[in-house]
């Protein structure tokens, strides 16, 4: 079993108001600075149709253009009452400073914010980062958006990563996602929360 190197860490986890009567795109733009400051924030959306990635930068939410995303991406310009029509399950808006998770439980939407730092109410403990392999070894960016499409094997499983996720080069190595795990030491060391941090270069 691999040995984990723990680092001193402080974080806070709190509920926030989910979108109510506003378009999802506007809600994401409002909250993006909380997770990434002035840098681009990244978006991961799960629906019954699959997953898609996005990038929040230049005062807009950007996604790839492809027929495979035709059903799900319009979700960004809908209000919560229409989310079920798109098979919405959850989304994560994340960056170097924190992550917002939005999900639904039955008919209700919930949202929570995790941020690093010693702000009011922060939990003192430890954390470690994990590098997670994503699908895909073959990539191209021919849809005009700058998103990089990664495909896996003969089945054609594919997803498109944001242009600022990392500097794209020709490579047969899969991209990686950095995940941060927060550890509470007492009474027994355990992971009490996890969040997405960003992407790691596959080369």
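Some points to look at:
- Filter result for residue 4 (in contact with a helix residue (DSSP H, G or I) (Cβ under 7 Å, 6 or more places away or on another chain) and surrounded by fewer than 18 Cβ atoms within 10 Å (Cβ to Cβ)): no
- Checklist (1) farther than 21 Å from residue 144 by Cβ; (2) exposed (fewer than 14 other Cβ atoms within 10 Å of the Cβ); (3) touching a helix residue (DSSP H, G or I) at 6+ places or on another chain (Cβ under 7 Å) applied to residue 77, failing item: (1)
- On the stretch given as segment 23-49, residues that are over 16 Å from residue 104 (Cβ atoms), part of a loop (DSSP other than H, G, I, E, B) and touching a helix residue (DSSP H, G or I) at 6+ places or on another chain (Cβ under 9 Å) total 2.
- For residue 4, the test of being at pLDDT 90 or above and within 24 Å of residue 134 (Cβ to Cβ) is failed.
- Criterion (closer than 26 Å to residue 180 by Cβ, crowded, with 21+ Cβ neighbours inside 10 Å and in contact (Cβ under 8 Å) with a residue 60 or more places away in the chain) met by exactly one of 37, 54, 96: 54
- Just one of the listed residues (121, 125, 117, 87) is within 30 Å of residue 8 (Cβ to Cβ), surrounded by 14 or more Cβ atoms within 10 Å (Cβ to Cβ) and in contact (Cβ under 8 Å) with a residue 24 or more places away in the chain, and it is 125.
- The combined condition, being at pLDDT below 90 and under 30 Å from residue 83 (Cβ atoms), is not fulfilled by residue 113.
- Qualifying positions in segment 113-131 - within 16 Å of residue 193 (Cβ to Cβ) and part of a strand (DSSP E or B): 113, 114, 115, 116, 123, 124, 125, 126, 127, 128, 129, 130
- Filtering segment 171-198 to residues that are at pLDDT below 90 and either touching a strand residue (DSSP E or B) at 6+ places or on another chain (Cβ under 8 Å) or surrounded by 20 or more Cβ atoms within 10 Å (Cβ to Cβ) (or both) leaves 171, 172, 174, 175, 176, 184, 185, 189, 190.
- Within segment 1-19, the set of residues being touching a strand residue (DSSP E or B) at 6+ places or on another chain (Cβ under 8 Å) and in a loop (DSSP other than H, G, I, E, B) comprises 4, 5, 6, 16, 17, 18, 19.
- Condition met for residue 38 (more than 18 Å from the chain's Cα centre (by Cα) and modelled with pLDDT under 90): no
- Any hit, segment 61-71, residues being within 21 Å of residue 113 (Cα to Cα) and modelled with pLDDT under 95: yes
- Boolean, residue 94 is modelled with pLDDT under 90 and within 27 Å of residue 130 (Cα to Cα): no
- Being out of contact with any strand residue (DSSP E or B) (no Cβ under 6 Å at 6 or more places or on another chain) and either at pLDDT 85 or above or assigned to a helix (DSSP H, G or I) (or both) holds for only one residue in 81, 55, and it is 81.
The values are calculated or read from the model by the stated rules, or taken from the named source; none is laboratory data. Given the structure is predicted, the values throughout are model-derived calculations rather than measurements. Here the Cβ is made from the backbone with ideal geometry for all residues, glycine too, and neighbour counts use every protein chain on show.
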